[in-house]
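Only one structure is covered here, and it is reproduced in the block below.
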Amino acid sequence: MKLLVLNYEYPPLGGGAGFICKNIAEGLAVLGHDITVLTTYYDGTETTCIENGVRVIRLKSRRKDIFQSNVREMLSWMITARRFLKKHLQTEKYDLCFANFALPCGEVAYSMKEMYHLPYTIISHGHDIPWFFPEQMMWYHAACYHWIRKICMQSERNYVQSNEMLTNINAFLGGTTGKNKLIYNGWNRDKFFPDESKRAEKFTILFAGRLVLQKDPMTFLKAVEIARHKIPNLEVHIVGDGKMRPKMEEFVKKNGMESMFLFKNWLSKPEIIAEYQSASLTVMPSLAEGMSMALLEALACGQYVSM
């Protein structure tokens, strides 16, 4: 089959959802399918290239950060993607479109179905479907409620990754429609596995993820401030970045914990695997998750996980 994959964030952009998309695209390519991914350009990346058998087309938009996007940037990508596909689909014919997130990618897929009769499926990653994480997403979901519902109702299938997400989307679409399907996230066991020889001598706690409100890093730091008095030679590795990093660094400095903390920004997959394999404990204090890839990868590497 010839498949079109839409995702406004694709590695090196984004977090778990981007890597899920990449693994699916490359896995389908290995099976012999012709895969094209339409995503966002980022500084230093090629606009069009072949990555592990997948054609990746990157469109320039207002995207500024690797770790997160915002509504303005999503709208920018959506407009650019629709403009590009209006010409692209005149000569390129696909059997099916996989749209990651109902918005903005689902809207692009819906428009192309209207214009070119290209069927599409939605792959939800949690926060795109009402009412995920209402403390932060309520206004967005309320404003886009009917828009998102139209997109999901017109898709061939809506894929989610957890029982909670399935219950939520069934309720959102007015009961079980038969088109909402559950496929759990997973990991590559050839890459993620325990290696006891790499365990650090110090008791090392790992926090891996975006440094944003949803991941609740400040609660984690407050817990470390208490634990340091009970755990000698404690070391903490923060892997990731986000708008809460300055506040985190200020808290660490204020409480005299600079020598214990290493802020490592985003790491490559081999580097993060080494972090999982060497740490003593992975902590994930998230306020809301779809089905966390960081959690699955940590467990696959033999980590104890605290949530």
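The values are calculated or read from the model by the stated rules, or taken from the named source; none is laboratory data. Everything numeric here is computed off the predicted structure, so don't read it as measured data. Positions of Cβ are backbone-derived with ideal geometry, glycine not excepted, and every protein chain shown enters the neighbour counts.
Quick look at the numbers
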item	result
Qualifying residue in region 124-145 (condition: within 20 Å of the chain's Cα centre (by Cα) and in a strand (DSSP E or B))	no
Which listed residue is in contact with an Asp or Glu (Cβ under 9 Å, 6 or more places away or on another chain), without any contact (Cβ under 8 Å) to a residue 60 or more places away in the chain, under 25 Å from Val71 (Cα atoms) and surrounded by 13 or more Cβ atoms within 10 Å (Cβ to Cβ), from Ile169, Ile151, Ile129	Ile151
All positions within region 15-54 that are over 25 Å from Lys86 (Cβ atoms) and part of a loop (DSSP other than H, G, I, E, B)	Gly15, Leu31, Gly32, Asp43, Gly44, Asn52, Gly53
Identity of the residue in region 286-306, touching a strand residue (DSSP E or B) at 6+ places or on another chain (Cβ under 8 Å) and in a loop (DSSP other than H, G, I, E, B), that ends up nearest to Asn163 (Cα to Cα)	Gly290
Residue that is modelled with the lowest pLDDT [pool: residues in region 31-51 that are exposed (fewer than 15 other Cβ atoms within 10 Å of the Cβ) and farther than 18 Å from Lys2 by Cβ]	Gly44
Exclusive hit being farther than 16 Å from Ile123 by Cβ, touching a helix residue (DSSP H, G or I) at 6+ places or on another chain (Cβ under 9 Å) and free of Cβ contacts under 8 Å to residues at least 12 places away in the same chain, set Lys86, Lys93, Lys60, Lys64	Lys64
His117, sole failed condition from (1) surrounded by fewer than 18 Cβ atoms within 10 Å (Cβ to Cβ); (2) modelled with pLDDT under 95; (3) of a type outside the set (A, V, I, L, M)	(2)
Complete set of residues in region 65-93 that are over 28 Å from Leu166 (Cα atoms), in contact with a Ser or Thr (Cβ under 9 Å, 6 or more places away or on another chain) and hydroxyl-bearing (Ser, Thr, Tyr)	Ser76, Thr80
Filter result for Arg72 (within 19 Å of the chain's Cα centre (by Cα), surrounded by fewer than 16 Cβ atoms within 10 Å (Cβ to Cβ) and over 23 Å from Asn180 (Cα atoms))	yes
From the options Leu234, Leu267, residue that is under 27 Å from Ala300 (Cβ atoms) and within 22 Å of the chain's Cα centre (by Cα)	Leu267
